[in-house]
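Participant: Just dropping this structure here.
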Amino acid sequence: MKKWITKTIGFIFFGIVLFQVIFMISCRERQPSDPLADLAQTPPMGWNSWNKFGCDVDEKMIMEISDAMVASGMRDVGYEFIVIDDCWQISRDSMGNIVADSERFPSGIKALADYVHSKGLKFGLYSCAGTKTCQGRPGGKGFEELDAKQYAAWEVDYLKYDWCNTKGMDAQQAYRKMRDALSAAGRPLVFSMCEWGTNKPWLWPESIGHLWRTTGDIQDCWDCTRDWGGMGFTKILDLQVGLEKYAGPGHWNDPDMLEVGNGGMNITEYRAHFSLWSILAAPLMAGNDLRAMSEETVEILTNPEVIAIDQDPLGVQGQKVRDDGDLEVWSKPLMDGSRAVVLLNRSTEDAEISVSWEEIELSVSEASVRDLWKKENLGRFQNKFSALVPYHGVIMIKVTP
Ligand code: GLA
C-alpha cells in the first residue's frame, strides 16, 4: 500500500515537472511578445518601385500601381506588398524624424499607407543601415528606434533595409539593431535585408531578417554583367546554387526582384526567369509598371500553378539536380510528395532535355506529368520525361507519383 502511494506521488511529481519543462520550452520558442515572429511563412509576394522607376517615385504613381495590382488580378493570386524603394525620403527634422519628399508625397506617407491598405494590400518602405541610402538620402544609422516607431505609426508592413555607406560597420550587428528596434516598436513587419550577400547573411541567426538578398542588383537582361556589380538573370541564378539549405518558412534567400515585363528580355526569357524564381522559393516582388502590362506579362505574373510552386507550404528551396553545360534540370519537393521540375535551356538553339524520376528522388517507375505553363496534363510516364525546350526558355512540370 505504502509502495503504491509513493509510486503515485512520484508519478504526479514527475508529471508536474514535465509539464513545467514543456511549458517553458514552448514559451521560449514562441516568443509571443515578438511581433515579427511567425511572419513570411511562405516567400513574400508584392511589387517594388526600384527596377522600373528608380528614384522617380511619387504618391500618384504608387496609388495607380496599387489599383493596377487589384485590377490585373495580381492581388487575387497572392501579391500583397506595395513597396516604395529609395528616394521617398528627403531629410530629417530638428528632432531627427525622417521626412518624406513633400513635393512627391504631398499627402504624406500615412495617407498613402492608408490608401494601399484600403485596397486590401500591405505597405512597405525602404531605408538603409548606413549614414545615407544608396541614392544619398538620409540613412537609418543612429536613428533606428526613432525610425522604427515612425514606421509603426505610419502602419508600415514591410521594410527593405539596404547596406550603402556603412564603412566600418558590422553587418550582423547593424541588422540585429534594426530588427530589435522594429520588434520593440510593436508592429508586425516583414524585414527584408538587402546586404547583397557580402557577409553571408544566410549564416546569421534566423531571427534577424525574414529574407536576405544573396547577390548584387539584378539587371533586365539574360546574362549581362555591369562593371558596378549588376547582373543579368542567369548570372544571379548561378549564385543561388548551394544556398538552398538555408531557406525555409520565415527565412528566405532573395535573388532580387523580378524584371518580368520591363522590356530587356523576351517573353520566353521572362517565363524562364519567373519559373526559376518560383522553383527557388524566391520572394516574388514584381518590378515592372503594373499600369501598362501586355497580356503575356500578366499571364506570366499571375500563373496560379507556377505561383503555387513558389508558395508551397513545405517551404523547401528547389535546387539544380543536373548541369549538362547549357542544359539544366532543377527540382523542388512539394508538400504533397510531388516534385516541381524546370528544364532550362541556356543555349542558343532549341534542345531536348530529359529528367529521370531517380534524379528527382522519386522512387516509383510511373508518374503523372502536368505542364504548368500549358496548364495541361501530359499523361503517365515511365521512369523519365523528355521535352524539346526552346532556347533561353524552360519547360516547367509537376511530377506526381
Ligand atoms: C541598392 C539595392 C537596390 C535598390 C537601390 C536603391 O542598389 O540593392 O535593390 O534598393 O540600392 O538605391
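No lab work stands behind these numbers, since they all come straight from the coordinates. In this text the structure is predicted, and so the values were computed from the model without any measurement. As a convention, Cβ positions derive from the backbone with ideal geometry for all residues, glycine included, and neighbour counts pool all protein chains shown.
Participant: Please report the net charge: other residues with Cβ closer than 13 Å to the Cβ of GLU352, K and R +1, D and E -1. Intermediate results must be reported in sequence, preceding the final value.
Facilitator: Working: positive: LYS384; negative: ASP324, ASP326, GLU349, ASP350.
Once positives and negatives cancel, what remains is -3.
Participant: Based on the mean of other beta carbon atoms within 10 Å per residue, what is the order of 175-184, 392-401, most packed first? The partial results should precede the final answer.
Facilitator: Working: 175-184: 20.7, 392-401: 22.3.
Ranking the peptides 175-184, 392-401 by packing returns 392-401, 175-184.
Participant: Classify segment 36-111 from the C-alpha gyration tensor, please: rounded if a/c falls under 1.5, else prolate or oblate depending on whether a/b exceeds b/c. The partial results should precede the final answer.
Facilitator: Values: a/c = 2.33, a/b = 1.48, b/c = 1.57.
Judged from the Cα gyration tensor, segment 36-111 comes out oblate (a/c at least 1.5, b/c at or above a/b).
Participant: Ok, one more. Pull out a ≥ b ≥ c, the square roots of the eigenvalues of the alpha-carbon gyration tensor of segment 84-158, then state rounded if a/c is under 1.5, prolate if not and a/b is larger than b/c, and oblate in the remaining case. Don't skip to the answer; put the middle values down first.
Facilitator: Values: a/c = 1.71, a/b = 1.56, b/c = 1.10.
In terms of gyration-tensor shape, prolate.
Participant: Hey, what do the phi angles of segment 91-102 turn into as Karplus ³J(HN,Hα) couplings, whole Hz, using 6.51/-1.76/1.60 and θ = phi - 60°, x for Gly and Pro?
Facilitator: 6, 10, 7, 5, 8, x, 5, 5, 10, 7, 5, 6
Participant: Another question, then. So for segment 234-279, considering every pair of alpha-carbon atoms, how many percent are separated by more than 15 Å?
Facilitator: Numbers: 484 of 1035 pairs.
Summing the P(r) of segment 234-279 above 15 Å gives 47 percent of all pairs.
Participant: Once every DSSP H run of n ≥ 4 in the chain is given -39500 (n - 2.57) and the sum is divided by its residues, what mean residue ellipticity at 222 nm do you get, rounded to the nearest 500 deg cm²/dmol?
Facilitator: Numbers: 10 runs with 115 residues, N = 401.
Taken over the chain, the calculation gives -9000 deg cm²/dmol.
Participant: Using mean Cβ contacts within 10 Å as the protection proxy, how do 36-43, 363-370, 250-257 order, highest first?
Facilitator: Numbers: 36-43: 17.9, 363-370: 14.0, 250-257: 24.2.
Descending packing order for the listed peptides: 250-257, 36-43, 363-370.
Participant: Along the charge dipole of segment 319-400, Cβ charges K/R +1 and D/E -1, which of ASN345, ILE397, ASN383 sits furthest on the positive end?
Facilitator: Checked the options; the winner is ILE397.
Participant: Output the DSSP H helices from the chain with an along-axis C-alpha extent of no less than 24 Å and a mean Kyte-Doolittle hydropathy no less than 0.5.
Facilitator: On the way: long enough: 2-30 (42 Å, 0.90).
Helices meeting the criterion: 2-30.
Participant: Quick check on segment 292-352: take the gyration tensor over C-alpha atoms, sort the square-rooted eigenvalues as a ≥ b ≥ c, and tell me if it's rounded (a/c under 1.5), prolate or oblate.
Facilitator: On the way: a/c = 2.84, a/b = 1.05, b/c = 2.71.
Oblate, because a/c is 1.5 or more while a/b does not exceed b/c.
Participant: Let me ask something else. Where both partners of a DSSP beta bridge lie in segment 173-314, what percent of those bridges are antiparallel, to the nearest 5? Intermediate values should be presented prior to the final figure.
Facilitator: Details: 2 of 8 bridges.
Taking every DSSP beta bridge within segment 173-314, about 25 percent pair in antiparallel fashion.
Participant: Percent antiparallel among DSSP beta bridges with both residues in the chain, to the nearest 5? If you can, show how the numbers build up before the last one.
Facilitator: Details: 41 of 65 bridges.
Counting only bridges with both partners in the chain, antiparallel ones make up about 65 percent.
Participant: Placing unit charges on C-beta atoms (Lys and Arg positive, Asp and Glu negative, everything else neutral), compute the dipole magnitude of segment 319-400 about its Cα centre in debye, rounded to 20.
Facilitator: For this selection, approximately 360 debye.
Participant: Net charge around THR166, counting only other residues with Cβ within less than 11 Å of its Cβ (Lys, Arg = +1; Asp, Glu = -1)? Display every interim value, and only then the final one.
Facilitator: Numbers: positive: LYS132, LYS141, LYS167; negative: ASP162, ASP170, GLU195.
Within the 11 Å Cβ shell, the charges total 0.
Participant: Could you list which residues have their amide H under 5 Å from that of SER347, counting only those 5 or more apart in sequence or on another chain, with H placed in the peptide plane?
Facilitator: Sorted by chain and number, the residues that satisfy this are HIS392.
Participant: Hey, could you get me the Stokes-Einstein D for segment 45-310, Kirkwood radius over alpha-carbon pairs, 4 °C and 1.567 mPa s, rounded to whole µm² s⁻¹?
Facilitator: 70
Participant: Arrange the following residues from fewest to most other Cβ atoms within 10 Å of their Cβ: ILE109, ILE82.
Facilitator: Details: ILE109 23, ILE82 28.
In order of increasing Cβ crowding within 10 Å: ILE109, ILE82.
Participant: Local charge sum around THR302 (other residues, Cβ-Cβ under 14 Å, Lys/Arg +1, Asp/Glu -1)?
Facilitator: Values: positive: ARG75, ARG271, LYS375; negative: ASP76, GLU80, GLU295, GLU296, GLU299, GLU305, ASP310.
Net of charged neighbours comes to -4.
Participant: Here is a follow-up. May I ask you to evaluate 6.51 cos²θ - 1.76 cosθ + 1.60, the Karplus curve with θ = phi - 60°, for each residue of segment 225-238 and list the ³J(HN,Hα) values in order in whole Hz, giving x for glycine and proline?
Facilitator: Couplings: 10, 9, 5, 8, x, x, 9, x, 3, 6, 5, 5, 4, 4 Hz.
Participant: Picking from GLY216, GLY96, CYS128, whose Cα lies most toward the positive end of the charge dipole for segment 45-310 (charges on Cβ: Lys, Arg +1; Asp, Glu -1)?
Facilitator: My answer, from the dipole projection, is GLY96.
Participant: Would you mind working out the magnitude of the charge dipole of the chain relative to its Cα centre, with +1 at each Lys and Arg C-beta and -1 at each Asp and Glu C-beta, to the nearest 20 Debye?
Facilitator: Roughly 1900 debye, rounded to the nearest 20.
Participant: Over all distinct alpha-carbon pairs, what is the Kirkwood Rh of segment 319-400 in angstrom?
Facilitator: Every distinct Cα pair counted, the radius reaches 12.6 Å.
Participant: Something else now. Whose amide H sits under 5 Å from the amide H of VAL321, counting only residues 5 or more places off or on another chain, with H placed in the peptide plane?
Facilitator: Placed amide hydrogens put VAL329, TRP330, SER331 under 5 Å from VAL321.
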